[in-house]
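Report on the structure given below.
The values are calculated or read from the model by the stated rules, or taken from the named source; none is laboratory data. All figures in this text were calculated on a predicted structure; none of them were measured in a lab. All Cβ positions, glycine included, derive from the backbone under ideal geometry; neighbour counts span all protein chains shown. Only protein heavy atoms, including side chains, enter the accessible area calculation; ligands, DNA and RNA are left aside. Shrake-Rupley method; radii C 1.70, N 1.55, O 1.52, S 1.80 Å.
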Amino acid sequence: MAKPLTDQDRRKQISVRGLAGVENVSDLKTNFNRHLHFTLVKDRNVATKRDYYFALANTVRDHLVGRWIRTQQHYYEKDPKRVYYLSLEFYMGRTLQNTMVNLALENACDEATYQLGLDMEELQDIEEDAGLGNGGLGRLAACFLDSMASLGLAAYGYGIRYEFGIFNQKMVNGWQVEEADDWLRYGNPWEKARPEYMRPVHFYGRVEHTDEGVKWVDTQVVLALPYDTPVPGYRNNIVNTMRLWSAKAPCDFNLKDFNVGGYIQAVLDRNLAENISRVLYPNDNFFEGKELRLKQEYFVVAATLQDIVRRFKASKFGSTEYVRLDLSTLPDKVAIQLNDTHPAMAIPELMRILVDIEKVTWETAWDIVVRTCAYTNHTVLPEALERWPVDLFQNLLPRHLEIIYEINRRHMERISKLYPGDMDRMRRMSLIEEGDVKKINMAHLCIVGSHAVNGVARIHSEIIKDTVFKDFYEVDPDKFQNKTNGITPRRWLVMCNPGLAEVIAERIGEDYIRDLDQLKKLLDFVNDDSFIRDVAKIKQENKMKFAAYLEEQYKVKINPNSMFDVHVKRIHEYKRQLLNCLHIITLYNRIKKEPNKAWTPRTIMIGGKAAPGYHTAKMIIKLITSIGDIVNKDPVVGDRLKVIFLENYRVTLAEKVIPASDLSEQISTAGTEASGTGNMKFMLNGALTIGTMDGANVEMAEEAGEENLFIFGMRVPDVEAMDKKGYDAVPYYNRIPELKQAMDQISGGFFSPGQPDLFKDLVDMLMHHDRFKVFADYEAYIKCQDKVSALYKNPKEWTKMVIHNIAGCGKFSSDRTISQYATEIWGMEPSLEKIPAPDDPR
């Protein structure tokens with residue numbers, strides 16, 4: 001087989017990556033050497049790889065700062081409406097290559113580093129991922145930042161600068177072991193500390209009701225120190241800001257009530273305050289009601305709202321008449337988007353600022369809050385919904401508890417007027433849930449305090465109106481909207497799959513990168529032999545490159561001509577990695593039974609992290625690795641079936657595996673995956689999807705044609721019907737011989753010869769309390785997988801189906817999603833115009 005082109009070779013012939021002009025390259029080399037010199041002058045004579053990486057990062061960063069300053073100046077003068085995207089997670093991954101792509105510097109940097117005797121890809125590999133997120137929700141926020149900048153919106157991402165992001169996953173004897181992610185160890189060249197904008201955040205204390213109004217007194221203060229990271233738009237010279245807050249103890253922390261001799265302890269106790277921004281909670285779709293987490297949620301909200309109000313009041317430079325003292329126009333200049341309920345405290349906190357500090361009447365303040373805030377719901381799983389105990393609030397945020405009670409009193413008054421005597425509805429709709437422990441339902445707070453509530457895929461937005469928030473929908477139907485998620489085509493095509501980006505650009509030009517709907521034009525090439533050949537060739541090269549990576553990293557040899565069947569996402573029962581396991585075992589048993597049959601070879605890769613406290617998810621990982629141990633060593637099977645667990649799945653690994661995938665597994669129980677975004681990344685990168693009618697899969701099938709996806713299994717109404725009558729797994733087990741065989745092997749210790757009962761908990765769950773009905777979809781899944789195997793034997797028809805999928809991807813650009821948020825929720829107009837570059841005359 002021909003040696004694949006390296007990405008470096010390929011970039012030489014690529015237009016979508018910027019031109020390597022001579023002056024460009026020579027300037028970059030000069031600046032690179034200058035940065036390297038200042039790194040080394042400090043303490044050493046010999047440069048390390050890391051020194052070269054920092055020199056390159058700082059050289060690229062130089063191209064951002066002029067644009068960054070000019071963009072912010074432009075906003076200051078034009079005073080547009082600004083949108084504040086509040087999220088406890090921003091899963092950014094690496095920054096260097098994405099910045100080069102958006103600034104059209106990639107070819108020039110490649111040539112410059114090459115001329116300096118360096119390999120740019122090697123330098124890129126030194127950068128740590130910014131892993132400040134768990135999965136979909138955090139990565140969505142990152143894609144949104146890219147799109148908001150690319151659409152010229154005056155947007156700010158606000159979150160927490162966690163010292164430790166999502167843990168690194170190490171596999172030890174097939175078990176997940178967590179390791180702290182010390183991502184800031186060597187420094188972060190992309191951030192700029194802004195101590196001049198430090199803000200105090202208050203906790204604990206008590207409330208005094210005085211003649212001058214309400215006072216929150218005797219509080220503990222923690223300082224919020226902002227760090228700004230530039231967010232470049234795609235080749236439009238706009239650079240927005242992501243501002244992440246870090247917790248800092250004030251100088252007098254624990255010293256004002258000085259205990260004789262307690263000085264040392266007081267200084268050591270500063271850590272208690274600073275722990276607020278220490279670590280990301282590693283739960284995906286699961287609520288853990290810990291005080292530290294509530295502190296994190298209030299911390300980001302309180303710091304951010306002070307910043308928003310400060311910026312709103314400052315308005316236009318140098319003319320005092322423009323200093324806004326009247327906050328009633330806030331909703332005309334400010335939109336706040338709450339990414340799930342995690343930043344829900346923005347609602348009572350903004351009320352506190354308006355009523356207690358700015359002395360606005362309750363009615364006016366509430367009108368401002370509702371018109372400013374909007375809420376995005378990300379899940380219907382009950383265990384994920386935030387419900388905070390009232391006594392925790394009473395202690396930590398006493399004034400906010402009072403405000404929430406008052407919001408609820410007025411809300412309940414409104415409901416009782418609309419539905420007199422309907423006490424059951426009142427109980428269902430209250431912000432306060434009565435019970436053993438009284439709890440605050442944060443989703444209810446968000447719905448009541450926002451002018452718009454959206455789900456993240458059409459089916460999900462319908463489900464929330466029909467079920468979890470039905471009562472609220474009946475009262476305020478106009479509040480509820482859909483905004484189907486999207487992904488940025490810059491990172492998820494141009495950057496991670498330059499070969500595919502280029503063969504597309506050769507056929508339809510490169511405007512599709514800003515306007516992904518143009519991919520529809522590829523339908524004209526679905527029968528074009530040269531395009532079919534090109535698409536298949538790029539996929540094969542990506543597979544060989546990934547196979548080489550796996551061999552280098554994990555010492556596993558895989559067959560690059562096998563189908564790469566990939567299932568990567570957080571490990572969760574609802575995502576049904578167990579259904580995939582049952583297919584693997586079934587395939588294995590079939591090959592063992594008829595070893596001489598012409599089986600379609602597969603390499604099945606499963607990857608993802610389990611929350612450290614989620615026992616079942618950790619057992620699922622152990623099952624996957626145990627199946628791999630048996631299957632991969634069986635000489636009868638050979639390289640017709642391999643099972644690989646991809647260790648430490650993260651943004652940077654996704655960028656490698658997705659372009660190399662043939663089959664994308666999206667197999668959650670219908671009605672459980674709100675949207676999914678990995679599904680879109682695979683589709684854009686030329687993989688076919690096997691999936692249920694869940695989340696955005698429904699709309700993917702609509703866009704590409706259902707005949708171009710492998711759809712199987714129960715639909716939402718089937719699942720609901722089964723819930724009504726009660727799901728029983730046992731009849732499936734008794735009726736389907738291949739399922740029974742697979743389950744008996746798991747429970748009998750075939751995959752854990754040393755510990756025959758290792759998986760008894762998993763077996764017991766599947767047989768007797770499986771909320772996600774794995775067996776009910778088993779038969780349909782296996783039949784569907786047989787269709788996949790058959791089609792893969794016909795490479796030309798397979799590739800034609802791939803082209804249909806790529807052509808149907810336009811809707812799934814986050815540019816489209818953000819345009820809809822802007823016009824339908826935020827009252828802002830997206831624009832594709834460029835602003836002048838810093839070296840252009842203004």
Q | Environment charge at PRO195 (Cβ cut-off 12 Å; Lys +1, Arg +1, Asp -1, Glu -1) | A | +2
Q) Using unit Cβ charges (K, R positive; D, E negative) and no other charged atoms, how large, in debye to the nearest 20, is the dipole of region 139-254 about its Cα centre? A) 420
Q. Under a point spin-label approximation (7 Å from Cα along Cα-to-Cβ), what is the LYS787-GLU433 distance to one decimal in nm?
A. 3.9
Q: Give the label of the value calculated from the structure for semi-axes √(5λ) of the Cα gyration tensor in Å, choosing from [x] 43, 36, 27; [y] 116, 27, 23; [z] 61, 29, 28.
A: [x]
Q.
From Cα pairs below 8 angstrom and at least 6 apart in sequence, can you work out the relative contact order of the chain, rounded to a whole percent?
A. 14
**Q.** Given LYS622/LYS760; LYS470/LYS724; LYS520/LYS800; LYS656/LYS783; LYS290/LYS773, the pairs whose alpha carbons are separated by over 20 Å
**A.** LYS656/LYS783; LYS290/LYS773
(Q) Which residue, GLY749, THR95, GLY165, has the largest displacement toward the positive end of the dipole of the chain when charges sit on each Cβ (Lys, Arg +1; Asp, Glu -1)? (A) GLY749
Q: Could you size up the charge dipole of region 234-387 around its Cα centre, putting +1 on the beta carbon of Lys and Arg and -1 on that of Asp and Glu, and report it in debye to the nearest 20?
A: 580
Q: Please list 776-783, 400-407, 237-244 highest first by mean number of surrounding beta-carbon atoms within 10 Å per residue.
A: 237-244, 400-407, 776-783
Q. What size of dipole, in debye to the nearest 20, comes out for the chain about its Cα centre when the only charges are +1 on Lys and Arg C-beta atoms and -1 on Asp and Glu C-beta atoms?
A. 980
Q: Please list the helices of the chain that count as membrane-span-like by this rule: a mean Kyte-Doolittle hydropathy of at least -1.0 together with Cα atoms stretching 20 Å or more along the helix axis, each helix being a complete DSSP H run.
A: 22-43, 136-150, 291-314, 398-418, 529-554, 577-593, 615-632, 774-792
Q: For a label point 7 Å from the Cα of GLU779 along Cα→C-beta, name the residues of region 729-754 whose backbone N is under 20 Å from it.
A: 729-744
Q) Among LEU292, GLN306, VAL279, whose Cα lies farthest out toward the positive end of the dipole of region 259-310, if unit charges sit on the beta carbon of Lys, Arg (+1) and Asp, Glu (-1)? A) GLN306
Q: Report the calculated FRET efficiency for ARG425 and SER328 (r = Cβ-Cβ distance, R0 = 41 Å), to the nearest 0.05.
A: 0.80
**Q.** Beta bridges by DSSP in the chain, antiparallel share as percent, to the nearest 5
**A.** 45
Q) Taking the alpha-carbon centroid of each part, what is the distance from region 264-297 to region 184-225 in angstrom? A) 15
Q. By the scheme Lys and Arg +1, Asp and Glu -1, what is the net charge of all other residues having a beta-carbon under 9 Å from that of TYR227?
A. +2
Q. For TRP175 and ASP51, FRET efficiency with R0 = 45 Å and r from the beta-carbon atoms, rounded to 0.05?
A. 0.75
Q. Which percent of the accessible area of the chain is formed by carbon and sulfur heavy atoms (probe 1.4 angstrom)?
A. 53
**Q.** DSSP-assigned coil residues among trypsin sites (Lys or Arg not before Pro) in region 608-705, each with at most 16 further Cβ atoms within 10 Å
**A.** LYS633
Q. What number comes out for the charge environment of GLY157, summing +1 per Lys or Arg and -1 per Asp or Glu over other residues with Cβ under 14 Å away?
A. -1
**Q.** Sparse-neighbourhood loop sites, chymotrypsin sites (Phe, Trp or Tyr not before Pro) in region 665-739 - DSSP loop, at most 10 other Cβ within 10 angstrom
**A.** none
Q) Hey, how many Å between the Cα centroid of region 583-640 and the Cα centroid of region 754-830? A) 19
(Q) Quick check on packing: order 277-283, 140-146 by the mean number of other C-beta atoms within 10 Å, highest mean leading. (A) 140-146, 277-283
Q: Multiply the residue separation of LEU184 and ARG590 by 0.36 nm, subtract the distance between their alpha-carbon atoms, and state the gained length in nm to one decimal.
A: 141.3 nm
**Q.** For region 143-284, with +1 on Lys and Arg beta carbons and -1 on Asp and Glu, the positive-most of ASN188, LEU223, VAL201 along the dipole
**A.** ASN188
Q.
Suppose a student asked you for the relative contact order of region 690-788, using Cα pairs under 8 Å spaced at least 6 residues apart; what percent would you report?
A. 30
Q | Value of [θ]222 nm, deg cm²/dmol, for the chain, DSSP H segments ≥ 4, -39500 (n - 2.57) each, nearest 500 | A | -14000 deg cm²/dmol
Q: Compute the accessible area per residue over the chain, keeping the other protein chains in place, probe 1.4 Å, unit Å².
A: 39
Q: Mind giving me the FRET efficiency for LYS417 and LYS724? R0 is 45 Å, r the Cβ-Cβ distance, nearest 0.05 is fine.
A: 0.85
Q | Highest-first arrangement of 382-395, 476-489, where packing means the average Cβ count within 10 Å | A | 476-489, 382-395
